[in-house]
Amino acid sequence: MKIKLISTLFIGGLLFSTIYGNAQKAVLEVDASKTITKIQPTMFGLFFEDINFAADGGLYAEMIKNRSFEFEKPLMGWEQPKSNRSSMNKESGMALPINVAANNTNFCRVEINNDKGYALINEGFRGMGVKKDARYNLSFKAANHKGAIRKIIFQLIDKDQKALGETSVVPKSDEWTNYSAQFVATETEAKAKLKITFEGTGTIDLDMISLFPEDTWKNRKNGLRKDLVQLLYDVKPGFLRFPGGCIVEGRTLSDRYQWKKSIGNVEDRKTMMNRWNVEFNHKLTPDYFQSFGLGFFEYFQLSEDIGAEPLPILSCGMACQYNTGELASIDELDPYVKDALDLIEFANGAVTTAWGKVRSDMGHPKPFNLKYIGVGNEQWGADYIERYKVFEKAIKAKYPNIIIVSGSGPSPDGEHFDYAMNELKKLNAELVDEHYYQSPKWFRENAGRYDNYDRKGPKIFAGEYAAQSVSGANPNNRNNWECAFSEAAFMTGLERNAEVVQLTSYAPLMAHEDAWQWTPDMIWFNNLQSYGSANYYVQQLFSTNKGTDLLSITQDGKALIGQHNLYASAVKDVNSKEIIVKLVNTASTASDISIDLKGAKLGSKGSLIRLVSANLQDENTFADPKKITPKQSEYKITKGNQQLNLPPYSITVLKLKTI
Ligand code: AHR
C-alpha cells in the first residue's frame, strides 16, 4: 500500500488539485551541506529513581532485605518458624561492649536454649535469585555472649527447605566482630532464602547480615547487579539523572533525599522508609525501605562507569506538592543551599577540600567532573521560583560554570507550566526540566512541540517522559509497541530541535516484576532475569545513533511531524562519516519513500536498522524478552535517491557512509 499524496500543480496557468494515488512516493529531502546545530553528547540519557525496587532489591545487589533490622517493624523480612525468641535490641542498655553503627542502632539478639530446630530466615527481596555454581559473599557482625554459640550455619534454601549451598562460621568473640564467608550455589533458584541456624546454647547478637553475588558489575565487592548495569551501559547514555523523581522531595521535608546521609561507610548510612512504600493504595509495598547502599558516591561512580554525565537533583526546601507540600521558609533555606554547594565540592573539589577529601577517602581522589545540578524536582508555583532564585544566586556565585537545571512542574502545559516557563525565561534559566506522562496519541501529535520554542530562551531537559497506554501512572499501563513507536515519533521532534532540547530521558527506568509501584518502565527485572522493553530499544536506537550534527529533513519544505503518519529526523556523524536518517511510520500500512540527499558524497555501503512489530499491543516479556529488538542489515547505497519501504508500525534508522 502506498501513501496517497495530494499535490497542487500549476499547468498552463491553471491550478489543479491532483490525487496521485499509489504510484506517488513521499520524497524526503535531506540537506547535508549545512549543520543546523551540534547535537549535545548529553542528548539521550537516563533517569534513575529508587521506585519499583530499582535500588534496594534491584541495581544494588544486596540480597538480604532489612539486613540491619532497621525497618519500622525491625523483624520485617525475617521469619523464625519454630520460635519467637529472637528479639530486637537497641544499643543503649547493653551490658556488652558494642560497636554497632551509630545511625543504625538495632540488632538482633538470638537466645538459643536446648530446643532443636530454631532458625532465622531472610526472605530476600521477594526471594533471592541464585545461580548454579555462582559464588555468594556473606558478611555479618556478631557478639557471641560468653562464647556460648559454637557455630553459625548459613544455608541457601528453596521453597521446600532444600539446601542450595551451605557455609558456617565460628563466632570467636563476645565483642562485636566482623565475619565473612562464601557460598557456592548448587542450583539456580529465583526465590531462594537464607536460613541461619546455630550450634550451642546461649545468646548471640547479630547485625548487618549481608549477602552479595561475587559476580557484580566490574567485580566490585558488594557492588551493583551486573546484568542491570549492562543494560544501562548499552544505551550509551549521555547523562545519568539521580536520585529521582519525587524521592528527592520526600512526602515531608524530613524524609527528603539527603545526599550526605547516603555516603561514607555503608553500615553508617541510616536506613529510612522509601516514599513509594505508601504512595499508591493499589500498590502498597510495606517492605520498601532505603538502605542507601546505592548512595551518591555510587551514583557518581556508576555515571563514570557508563560514560554518562552525572546529573544530581536536590531538594529545594519543598516537599512533594502531591503530598504535604511542606515548605522550608526562605530563612530556613541555608542548609538546603549548603547541601548543593557541598555536593559540588564533593564531586569536583580537590582532595585538600573538606568534601573532596571525603570523596577521596571513599576511593575516588580524582574529581567526578560534575557539570550539572538540579534544583527541585517537580515543584510548581511562586514558592518554587522564590526558592530557585536563592539557589541560583548562591551556586553561580561560587561555581559560575555549573549548569543549573530548573523545573517546570509535573505537566507539559497548563497554568503551572506557563507560569514557571514565563518566570524562568525572565530569569534567563539555563536548562528547564519538562515532564510528560501522556497518551501515545499525545506523543504523536506533539512531535512539533519544540519547533517554535524560542532559540534564545532556556534550553530544555525533557527529563521525564513515557507514553501511558491507559492513563498517567495507571497500574494497567503496558510497555506496548504503540507506546514505544509513538515515543520514537516524538523523539524525532526532540532531535530535530537539538538547538533547544539538550537532554532527554524516559522515566521511570526500572521495575521489579513482583514489587513495582509504577508502570510503564524502561527495564523490567526479577531476581534472576532482566530485559529491555520495546521503549528501551527505542531509547537505545536514538542514543547510539545520535550523530554529531543536526541536518534538515523535509518534505515539500516542511518537517515531518505526522503527515501521512510519517516522522523523520536526520543527523550526520563526523566521526563515523555517516548520514543517519531516522524514520517512523506510525500507520497500519507500509509507506514507500524516496530520500533525496544533497550536499554529501555517498559511498556504496550503509546499514539499515529496523525496530518493528506487527501489533500495537505487542511487548517484550520475561518469556519473550527479545520479541521487539532492533535488527540490522546491510544497505546498498543506490545512485540518485534512496528508495525505502517502511513497514507498518516501524522505526527505521538508515546509515549512509559518506566519502
Ligand atoms: O517517574 C515517576 C515519578 O513521576 C517521578 O518520581 C516524578 O518526578 C513524576 O511525577
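At 7 Å along the Cα-to-beta-carbon direction for both T252 and L528, put a label point, then send me their distance in nm to one decimal.
4.3
Would you kindly compute the Cα radius of gyration of the stretch 325-452 and its largest Cα-Cα separation (Dmax), both in Å?
When restricted to the Cα atoms of the stretch 325-452, Rg and Dmax are 17.4, 54 Å.
In the chain, which longest range has no chymotrypsin sites (Phe, Trp or Tyr not before Pro) that are both DSSP loop (not H, G, I, E or B) and surrounded by at most 14 other Cβ atoms within 10 Å?
It works out to 323-621.
Relative contact order (percent) for the chain, with alpha-carbon contacts under 8 angstrom and 6 or more residues of separation? Intermediate results must be reported in sequence, preceding the final value.
Details: 1658 pairs, mean separation 103.5, N = 659.
Contact order relative to length: 16 percent.
Principal axes first, then extents: for the Cα atoms of the stretch 231-543, list largest minus smallest coordinate on each axis, whole Å, largest first.
The Cα atoms of the stretch 231-543 stretch 52, 49, 37 Å along the principal axes, largest first.
Relative contact order for the stretch 373-479: what percent, with Cα pairs under 8 Å and sequence separation of 6 or more? Show your work: numbers first, answer last.
Values: 153 pairs, mean separation 25.6, N = 107.
Taking the mean separation of contacting Cα pairs over the length of the stretch 373-479, I get 24 percent.
Could you state the orientation-averaged shadow area of the convex hull built on the Cα atoms of the stretch 231-289, in nm² to one decimal? Working shown, then result.
On the way: hull surface 23.5 nm².
Its Cα hull, projected and averaged over all orientations, spans 5.9 nm².
Skipping prolines and chain starts, which residues have an amide H placed within reach, meaning under 5 Å, of the one on G407, given they are 5 or more residues away or on another chain?
Those lying under 5 Å, H to H, from G407 are D433.
Once fully extended, how much extra length lies between N114 and V184, figured as 0.36 nm per residue of separation less the alpha-carbon to alpha-carbon distance? Intermediate results must be reported in sequence, preceding the final value.
Details: separation 70, 0.36 × 70 = 25.20 nm, distance 3.07 nm.
My answer for the length gained is 22.1 nm.
If you average the alpha carbon positions of the stretch 236-289 and of the stretch 525-557, how far apart do those two centres end up, in angstrom?
Between the Cα centre of the stretch 236-289 and that of the stretch 525-557, the gap is 28 Å.
Considering the convex hull of the alpha carbon atoms of the stretch 513-621, report its projected area averaged over all viewing directions, in nm², one decimal. Present the calculation step by step, with values, prior to reporting the outcome.
On the way: hull surface 38.8 nm².
Reported value for the Cα convex hull: 9.7 nm².
Among the listed pairs K338/K366; K626/K655; K366/K393, which are separated by more than 25 Å between their Cα atoms?
Values: K338/K366 22 Å; K626/K655 23 Å; K366/K393 27 Å.
The pairs that break the limit, which is 25 Å between Cα atoms, are K366/K393.
For each pair in K226/K270; K221/K283; K221/K627, compute the distance between the two Cα atoms and list the pairs where it is over 30 Å.
Listed pairs above 30 Å: K221/K283; K221/K627.
Once you have the alpha carbon radius of gyration of the chain, what is it after dividing by 2.2 N^0.38 Å, with N set to its residue count?
Expressed relative to 2.2 N^0.38 Å, the Cα Rg reads 1.07.
Viscosity 0.890 mPa s, temperature 25 °C: Stokes-Einstein D of the stretch 387-474 from its Kirkwood Cα radius, in µm² per second? Walk me through the numbers on the way to the answer.
Details: Rh = 14.3 Å.
Answer, rounded: 172 µm²/s.
For the chain, what is the calculated [θ] at 222 nm in deg cm²/dmol (nearest 500), taking -39500 (n - 2.57) for each run of four or more DSSP H residues and dividing by its residue count?
Values: 9 runs with 103 residues, N = 659.
Computed ellipticity for the chain at 222 nm equals -5000 deg cm²/dmol.
Any chance you could check the Cα centroid distance between the stretch 599-618 and the stretch 152-221 for me, in angstrom?
50
How much solvent-accessible surface does I403 expose, in Å² to the nearest 10, with a 1.4 Å probe and all protein chains in place?
Using a 1.4 Å probe on the heavy atoms, I get roughly 50 Å².
Which three lengths, in whole Å and largest first, does the stretch 194-245 cover when its Cα atoms are put on their principal axes?
The Cα atoms of the stretch 194-245 stretch 57, 26, 16 Å along their principal axes.
For L646, enumerate residues with amide H under 5 Å from its amide H, sequence gap 5+ or separate chain, H modeled in the peptide plane.
The list, which skips near neighbours in sequence, is S591, D592, I593.
The values are calculated or read from the model by the stated rules, or taken from the named source; none is laboratory data. Computed from a predicted model, the values in this text were never measured in an experiment. A quick note on method: Cβ atoms are made from the backbone with ideal geometry, for glycine too, and the neighbour counts reach across all protein chains shown. Ligands, DNA and RNA are excluded from the accessible area calculation, which covers all protein heavy atoms including side chains. Shrake-Rupley method; radii C 1.70, N 1.55, O 1.52, S 1.80 Å.
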